[in-house]
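Reviewing the structure listed below.
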Amino acid sequence: MSAGPRGHPAKKQAFVRELLGRSDYAIIGDIVEPGTKVLDLGCGEGELLEWLAQNKGVEARGVEISGAKVQRAIARGVSVYQGDIDQGLADYPDQAFDYVILSQTLQETHRPRKVLGEMLRVGRRAIVAFPNFGHWRVRLSMLVSGGAPRTKLFPYEWYESPNIHFLTVFDFENLAALERLVVERRYFLAGHRKVTLVPNLLAEVAVFLVSAALAGH
Amino acid sequence: MIVEANTVRFDSISLDSGATLAPVDVAYETYGRLNASKTNAILILHAFSGDAHAAGISPEKGKPGWWDNMIGPGKAFDTNKYFMICSNVLGGCRGTTGPASVNPATGRAYAMSFPVITIGDMVRVQRMLIDWFGIPRLLSVTGGSMGGMQALEWAVSYPDRVVSAIPIACTTRHSAQQIAFNEVGRQAIMADPDWNNGDYYGGKPPARGLAVARMVGHITFMSDDSMREKFGRRLRGKETFGFDFDVDFEVESYLRYRGSEFVNRFDANSYLYITKAMDYFDLTNGHGSLAAAFERTEARFLAISFSSDWLYPSYQSQEIVRALRARNCDVAYVELESNYGHDAFLVDVAEQTDLIRGFLANTVEKAP
């Protein structure tokens, strides 16, 4: 279903902007090599792609489900395709991109495992950023309230949340192992800080750079 | 902006059917200024019943062009930056050689002796025009409906001549439904006794048949929503039904008006020839598949469709985009929300303007 958030665009928007303003740009910008070819899934209005095009000289492409966001992305000069990332990658040939980025969207996809597989089919590397459901505040919220957790990271009522597949740092590492992915780099963030200790408890957002096991062989 | 119509004559052209047409006149207009390096030219391609008068005010009739809301200073196709060319298509009746033109071999109108033409032939004539301008590469080729089909044909047939293409509300080939509507239009014309096997020049044209054809066309250009909004079940100048077969409903009045107005500006035989060209159009012809057709294409694309367009539904634009993605081409695509049906590409200009302005600016930036 969704490449972009539904339900609470304003809230999500503010959240993404805050995150990007803080460290996501910096981290993804740090990972992405100049002059490469990048596909951003659920690219919203194309802010990250525009930034990468201007600062890293990448060839930038995006996929986004919301027509209004696609309009703004194209208007800012980014090549974005209006479509669905749960199915929409099928058209791309194998290894068409150097990086496929999925920022804050994995937990919104219907079939995250398939999406991850497709990302590494069309791209040599995948950059996956997601909110960590294992963060202590989330755990505490659930423990104390007894209801579905609501925190700064997960601000939605359960019936309005675009998030349908909650995952933790621990879960992602397990899936990567199961899929025999090579985790080339991992970053853990809490607010403005990088987290080094017990990331599954302390990281609000995780960013993974992964490649398929046989890449480069 | 008062614009002048121009005509250029080419000696001859070989057509897809194997026939040769000689000579060929091409009516065109231009807007803006061609830069010294000839890198800012954009070819505007008109839809089925359009003509070379895309923008500005024509001196004789004082009429604005069919895409005047999109072409001009500060508009989507900004005449301060770009040089736009629009020509009447081959087979047309607005200055370019068509069935109503005089065949120099006989001294009479071609009528049905005019060779059957294709979208490829139209584009070949346009390429001659672009050569005549001495333009090596077009910054963009663009149009809606049949204009979009020509834009696609350009990108496939002359991949080294186009930097970008903006196909709007169009398809890579007509569906059975699209062919069916065209056939109804053709049959309406040919069923009119005044059509006289196409030989009516100098006499009475098949006005009733052509008007009916246009009425059907107008239904396909609108949407259920836009017709409900525009007409509903309102009666025309009366409080109750007339209990006869004069005009009762607003929608009847509108269609009759559109039909009769069309007769004054369009040639029935051109209707036959151009709709046939659209029906024959299939971008996969000679390539096997759409992806193969785009094999040599290096252009970047912006494809646009409209949510309520049931004549050229979004799935047809998505087919274009999917084939381009399979070729790893640079393509942007969006379905714009609109109630106006197929007509949206002519009337819903605000959103198109933002898209096209950004896309063209980015194209200039990326141009080699």
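Only the coordinates and a few stated rules stand behind these numbers; no lab work does. Note that the structure is predicted; figures quoted are calculated from it, not measured. Backbone-built Cβ (ideal geometry, glycine too); neighbour counts: all protein chains shown.
Enumerate the lysines that B:Lys276 could reach by cross-link, defined here as Cα to Cα under 21 Å, with residues fewer than 8 away along the same chain left out.
Straight-distance partners of B:Lys276: none at all.
May I have the pair-distance distribution P(r) for the protein assembly as shown, computed from all Cα-Cα distances with 10 Å bins from 0 and rounded to whole percent?
Reading upward from the zero bin: 3, 16, 24, 21, 15, 11, 7, 3, 0, 0.
Nearest-5 percent of antiparallel DSSP beta bridges in chain A?
DSSP beta bridges in chain A are roughly 45 percent antiparallel.
Neighbouring Cβ atoms within 10 Å as the yardstick, rank A:Leu189, B:Leu152 fewest first.
In increasing order of surrounding Cβ atoms, one gets A:Leu189, B:Leu152.
Looking at the protein assembly as shown, what % of its DSSP beta bridges pair antiparallel, to the nearest 5?
So the antiparallel bridges in the protein assembly as shown amount to around 45 percent.
Sorting B:Glu351, B:Glu250, B:Glu365, B:Glu60 on the 10 Å Cβ count, fewest up front, what's the list?
Ordered from fewest to most neighbouring Cβ atoms within 10 Å, B:Glu351, B:Glu250, B:Glu365, B:Glu60 come out as B:Glu60, B:Glu365, B:Glu250, B:Glu351.
Would you mind putting B:156-162, B:14-20, B:236-242 in packing order, based on average other-beta-carbon counts within 10 Å, highest first?
So the peptides B:156-162, B:14-20, B:236-242, ranked by packing, come out B:156-162, B:14-20, B:236-242.
Counting only DSSP beta bridges with both residues in region B:30-122, what percent are antiparallel, rounded to the nearest 5?
45
Which entries of B:Lys61/B:Lys204; A:Lys69/B:Lys61; A:Lys37/A:Lys114; A:Lys69/B:Lys75; B:Lys61/B:Lys81 have Cα-Cα distances beyond 30 Å here?
Going by Cα-Cα distance, A:Lys69/B:Lys61 fall outside the 30 Å limit.
Find the all-direction average of the projected area of the Cα convex hull for region B:228-365, expressing the result in square nanometres with one decimal place.
Mean orientational projected area (region B:228-365, Cα hull): 12.2 nm².
Taking the Cα centre of region A:129-217 as origin and charging only Cβ (+1 Lys, Arg; -1 Asp, Glu), how large is the dipole, in debye to the nearest 20?
For region A:129-217, the charge dipole is close to 320 debye.
In Å, the Kirkwood hydrodynamic radius of chain B over pairs of distinct alpha carbons?
Value: 21.1 Å, from the Cα pair sum.
P(r) tail for region A:9-212, what percent of Cα pairs lie past 25 Å?
33
In percent, what relative contact order does chain B have, based on Cα pairs under 8 Å that are 6 or more apart in sequence?
Rounded, it is 17 percent for chain B.
Given springs between every Cα pair under 10 Å in a Gaussian network model of chain B, which of B:Ser270, B:Ser12, B:Ser305 has the largest fluctuation?
B:Ser12
Given a Förster distance of 51 Å, report the FRET efficiency between B:Glu295 and A:Val198 from their Cβ-Cβ distance, rounded to the nearest 0.05.
0.45
In nm, what is the difference between 0.36 nm times the number of residues separating A:Glu157 and A:Val182 and their Cα-Cα distance?
5.5 nm
Taking each residue in B:324-331, count the Cβ atoms of any other chain within 10 Å of its Cβ, then average. What number comes out?
5
Taking beta carbons within 10 Å but only from partner chains, what does the mean come to for residues A:200-206?
0
Neighbouring Cβ atoms within 10 Å as the yardstick, rank A:Met142, B:Met222 fewest first.
Sorted ascending by nearby Cβ count, the order is A:Met142, B:Met222.
Just the Cα atoms of region B:179-275: what Rg and Dmax do they give in Å?
Both quantities, over Cα of region B:179-275: 14.9, 44 Å.
Do the sum for chain B: with -39,500 (n - 2.57) for every DSSP H run of n ≥ 4, divided by all residues, what is the mean residue ellipticity at 222 nm, to the nearest 500 deg cm²/dmol?
-11000 deg cm²/dmol
Picking from B:Tyr201, B:Thr275, A:Ser211, whose Cα lies most toward the positive end of the charge dipole for the protein assembly as shown (charges on Cβ: Lys, Arg +1; Asp, Glu -1)?
A:Ser211
Using per-residue counts of other Cβ atoms within 10 Å, averaged over each peptide, order B:197-210, A:33-46 from highest down.
For the peptides B:197-210, A:33-46, the packing ranking is A:33-46, B:197-210.
With +1 on the Cβ of every Lys and Arg and -1 on the Cβ of every Asp and Glu, and nothing else charged, how large is the dipole of region B:179-275 about its Cα centre, in debye rounded to the nearest 20?
Dipole of region B:179-275, to the nearest 20 debye: 160 debye.
Taking each residue in A:75-86, count the Cβ atoms of any other chain within 10 Å of its Cβ, then average. What number comes out?
Other-chain Cβ atoms within 10 Å of each residue's Cβ, averaged: 6.
Dipole magnitude of region B:1-130 about its Cα centre, charges +1 at Lys/Arg Cβ and -1 at Asp/Glu Cβ only, in debye to the nearest 20?
It works out to roughly 160 debye.
Can you give me the Cα centroid spacing of region A:70-109 and region B:81-104 in angstrom?
The distance from the Cα centre of region A:70-109 to that of region B:81-104 comes to 41 Å.
So what is the relative contact order for region A:9-212, in percent, with contacts set as C-alpha pairs under 8 Å and at least six apart?
Computed value for region A:9-212: 17 percent relative contact order.
Among the lysines, select those whose C-alpha is under 26 Å from the C-alpha of B:Lys230, and discard any that sit fewer than 8 residues away in the same chain.
Qualifying lysines at Cα under 26 Å: B:Lys63, B:Lys238.
For A:Lys152, go through the aspartates and glutamates and keep the ones whose alpha-carbon is under 19 Å away, minus same-chain ones fewer than eight residues off.
The reachable aspartates and glutamates, counting only those whose Cα sits under 19 Å from A:Lys152, are A:Glu18, A:Asp24, A:Glu108, A:Glu160, A:Glu204.
When N is the residue count of region B:1-114, what does its C-alpha Rg come to as a fraction of 2.2 N^0.38 Å?
1.18
Find the Rg to Rh ratio for region B:252-306, where Rh is the Kirkwood radius over alpha-carbon pairs and Rg uses the same atoms.
1.20
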